Amino acid sequence: MTTDAFCNFWSVRRIEPSNNCAERGLHSAVIARKVPHCSKNGCGAGTYEVMKSITATLSLRGHQVSRALASMIKGDPMPQPAAR
């Protein structure tokens, strides 16, 4: 990574200078890990991680998560980012 790429947040206002957004995204996963019977074993934890990643990606791409998941369960690929 070049210094220019590292310092993009100075010139591109939509880029946060910290990782707070990413940390907030992980918060619910940390809480779920502490709830009994949610992800106390390797299989449950792995399943939760995959589902959390998929639903977060769909949401960030601007899709209605339940509709996109239903489509994916039917065999369709993960949708690309929605036009804005």
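The values are calculated or read from the model by the stated rules, or taken from the named source; none is laboratory data. Note that the structure is a prediction, hence the values are computed from the model and not measured. When we count neighbours, we look across all protein chains shown, and the Cβ atoms used for this are built from the backbone with ideal geometry, even at glycine.
Annotations for the structure displayed:
- Among residues of region 41-63, those that are closer than 15 Å to CYS21 by Cβ and assigned to a loop (DSSP other than H, G, I, E, B), counted: 0
- Within region 71-84, the residues that satisfy the criterion of being out of contact with any Gly (no Cβ under 8 Å at 6 or more places or on another chain) and under 27 Å from CYS21 (Cα atoms) are MET72, PRO77, MET78, PRO79, GLN80, ALA83.
- Hits in region 51-84 (condition: under 16 Å from the mean Cα position of the chain (by Cα) and charged (D, E, K, R)): LYS52, ARG61
- Of the numbered criteria (1) under 24 Å from ALA82 (Cβ atoms); (2) among the hydrophobic types (A, V, I, L, M, F, W, C); (3) at pLDDT 75 or above, the one ILE15 fails is (3).
- Restricting attention to region 50-84 and to residues that are β-branched (Val, Ile, Thr) and surrounded by fewer than 11 Cβ atoms within 10 Å (Cβ to Cβ), the residue that is farthest from LEU26 (Cα to Cα) turns out to be ILE73.
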